[in-house]
Amino acid sequence: MNAIDTNRTVRDWAVEVPGATRYFEKVGIDYCCGGARPLAEVCAERGIDASVVVAALEALADQATPARRTDDPAAMTLTALVDHIESTHHVFTTNELARLEALFDKVCNAHGDRRPELIEMRNVFRELSADLLPHMGKEEQVLFPYVRALEAAAKQYRPAPKPVFGTVRNPIRMMMMEHDAAGELLARLRALSSDYVPPADACVSYGTLFRALAELERDLHTHIHKENNILFPRAATLEEGT
């Protein structure tokens, strides 16, 4: 394949190279909220050797099959993609937020006096939860139904429906701002937890809490990537062409 251009954005490679998001997660490169930045710039900021990243991406690209898998978000119709986001990421996030709230209370009650960072983490988590739940509700009740209607109109060669919000770019802009806010809260949780490494004397619940928070972070990164980098650009382009 052609050499990877490090001046292209992280978002481009996250969308185009199968497995790139998993690799970016491993090396700590933000491919969702911060995905619009050039790969070289991000590598330099994080002190990562860009040539190593390029070699890894080239290897992933060479391993990819020519045809995209049907479960690849970039290969889905917009309707299939929003259905997938709702049934997987929204359901997972909603369930985990409820589970983690109870787990945080248990761990804070047992260890909060000796580990004040846990109390601060719980406050940040509650802020994240208070942001995410209405955010997902707005997507399910406003944005996603419009995306489905937009694609249906395009398939039937009808004009795009006229939404009350003027253009799909308006709710997209708001959703992306809220994604950025969620990303900042996730970063604070990671910093407060020392990268989700529990202390040596941590009990089972303490370790369970940290593992669950790390998994929530991974899923939210993937969730936001699918929306910011795949769904939103395609929906805006489709609206403009109908």
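Were the residues from residue 148 through residue 8 laid out at 0.36 nm apart, the gain over their Cα-Cα distance would be 47.4 nm. Sequence-ordered 3J(HN,Hα) estimates for region 22-38 from the Karplus curve with 6.51, -1.76 and 1.60 and θ = phi - 60° stand at 5, 5, 4, 4, 5, 9, x, 9, 6, 10, 9, 5, x, x, 7, 8, x Hz, glycine and proline given as x. In the structure shown, the pairs 138/226; 162/226; 26/138 are assessed against 23 Å; a Cα-Cα span above that value is assigned to 162/226; 26/138.
Counted residue by residue at 0.36 nm each, then reduced by the alpha carbon distance between them, the extension gain from residue 63 to residue 88 reaches 6.3 nm.
The percentage of C-alpha pairs in region 170-242 whose separation is greater than 14 Å is 68%.
Take the Cα of residue 170, step 7 Å toward its Cβ, do the same at residue 184, and the gap between the two points is 2.5 nm. Computed from the C-beta positions of residue 45 and residue 113 and an R0 of 35 Å, the FRET efficiency is 0.40 to the nearest 0.05. Label zone (residue 98, point 7 Å along Cα-to-C-beta; backbone nitrogen cut-off 20 Å) within region 113-138: 125-138. If only the Cβ of Lys and Arg carry +1 and only the Cβ of Asp and Glu carry -1, the dipole of the chain around its Cα centre is close to 440 debye. Since only 132, 59, 160 are under comparison, the one whose Cα sits farthest along the positive direction of the charge dipole of region 55-166, derived from C-beta charges on Lys, Arg, Asp and Glu, is 160. Between residue 212 and residue 22, the distance separating the two model label sites (each 7 Å from Cα on the Cα→Cβ line) works out to 2.6 nm. Under a Gaussian network description of the chain, with springs only between Cα atoms under 10 Å, the residue in 112, 19, 166 that fluctuates furthest is 166. Suppose the Debye formula is applied to equal point scatterers at every Cα of the chain; what is log10 I(q)/I(0) at q = 0.12 Å⁻¹? Scattering profile of the chain, log10 relative to I(0): -0.78. Give the residues of region 209-242 whose amide nitrogen is closer than 20 Å to a point set 7 Å from the Cα of residue 177 in the direction of its Cβ. Residues passing the 20 Å test: 224-225, 227-229, 232-233, 236.
Bear in mind that the values in this text are calculations on the coordinates, not laboratory data. In this text, all values refer to a predicted model and were calculated from it rather than measured experimentally. Methodologically, a virtual Cβ is constructed for each residue, glycine included, from the backbone with ideal geometry; neighbour enumeration extends over all protein chains shown.
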